[in-house]
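Here is the structure we will look at.
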Amino acid sequence: METTDAKPYTLNDQMLRLVGIPLFGFLVPALLHADEFRELNPTIWMHLFVGFCTTLLVWEGNRWIMIYMRRAFPNYNQTTRRLLGEGALALVYTFVATYLLDEVVCKALFGKQIDPFTGFRTSLVPTVVVYLVYEAVYFFEAWKANVRKTEALARESVQSQLEVLKNQLDPHFLFNSLNTLAALIDDENVNAQQYLERLSDVYRYVLVSRSKNTVPLEEEIGFLDAYIYLNKIRFRDNLQVEKILSPNAYRQYVTPLSLQMLIENAIKHNVVSKENPLKIRIQQEGDQYLIVENNIQEKTILEKSTRVGLQNIINRYSLLTDRQVEVIRSGGLFTVKIPLLLN
């Protein structure tokens, strides 16, 4: 599932930081200098101060690294790159931060020299613990969001099926009936045979694709060709559909039946006649969007419509990508831009 162009990522971790930073700032020096703490040696104040400053600097810096990497690599299939990047940056930052802190605080303020590698090794423990906590919360939230999206997408898929199969006939029954009818038609009646074959192709595609979230554009276009053929039998050359697509576009993905819904809406809401032919163009916008555009010549009396087709497409894409479906009405043209997806 694609989630490109993600919204800026933020962390809602105020309480974790308010509790975690003072806690680690106390526990780490208390464990490392247990004897001095038991004896209440005056040096414990130096250790507590250094421990708090180190924890604060390391925590906040690594927190920023996590936010940056999650914004840079938001997708699930980028998890490995994100974690490797976080790990590398965390090691470099933690070493530099602890080295500078030891030099500035310990040497300049307290006149005490600390081996930089000792401070670095000490800081790695809370760093790893903090990363584990943040990543566990992050993956749990991502899992919950994915479950919600899957459930919502399933509901939208059901709505899409109901919109396409308006007569509520069992599609298996209808498909088998079409095959039976084809066998009864005289072999010399080529036009009728072709019409039934295309009608069978349409319902076969509905059966195969209805349980999928996305399908290759090549398959969707093949189905669309059959659907357009059926309508051109009715409208002849009064319905004109032009496709301008590159080979690369055919390898990308769209939601099933989305193009058919857009063509159906164009036919339903516009006059289609010899004097006013309906012209529909399907083309791509780079590798990001597919554009379906038709001239506007609205009917004075509209066919009965459930008015959920376009909204259904918008809802389904909102569950698959952060790129939104765009609907534009301008200059006598009605244009819908739907995102091209990666599998």
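For (1) outside any helix (DSSP H, G or I); (2) at pLDDT below 95, each residue gets a yes or a no:
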| residue | (1), (2) |
| --- | --- |
| Asn248 | no, yes |
| Leu259 | no, yes |
| Glu264 | no, yes |
| Ile267 | no, yes |
| Lys274 | yes, yes |
| Gln283 | yes, no |
| Asp287 | yes, yes |
| Glu293 | yes, no |
| task | Looking for whichever is touching a helix residue (DSSP H, G or I) at 6+ places or on another chain (Cβ under 8 Å) and either among the β-branched types (Val, Ile, Thr) or farther than 18 Å from Asn238 by Cβ (or both) here; the options are Asn315, Asn265. Which one fits? | result | Asn315
| field | Complete set of residues in segment 204-250 that are surrounded by fewer than 15 Cβ atoms within 10 Å (Cβ to Cβ), aliphatic (A, V, I, L, M) and touching a Pro at 6+ places or on another chain (Cβ under 8 Å) | value | Leu207
| Members of segment 295-336 that are at pLDDT below 90, touching an Asp or Glu at 6+ places or on another chain (Cβ under 6 Å) and charged (D, E, K, R) | Arg316, Asp322
| task | Pairs only if they're at least six apart or on different chains, beta carbon under 6 angstrom, first in segment 6-23 and at pLDDT 75 or above, second not in a loop (DSSP other than H, G, I, E, B); list them, first residue then second. | result | Ile21/Thr55; Ile21/Leu56; Ile21/Trp59
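Is it the case, given these coordinates, that Leu57 is under 49 Å from the mean Cα position of the chain (by Cα), assigned by TED's automatic domain parsing to the domain that holds Leu100 and buried (at least 16 other Cβ atoms within 10 Å of the Cβ)? Please lay out each step first, then the result.
Numbers: under 49 Å from the mean Cα position of the chain (by Cα): yes; assigned by TED's automatic domain parsing to the domain that holds Leu100: yes; buried (at least 16 other Cβ atoms within 10 Å of the Cβ): yes.
Criteria met by Leu57.
The values are calculated or read from the model by the stated rules, or taken from the named source; none is laboratory data. Please read all numbers here as calculations on a predicted model, not as lab measurements. Counting neighbours? That spans all protein chains shown, and the Cβs are built from the backbone with ideal geometry, glycine included.
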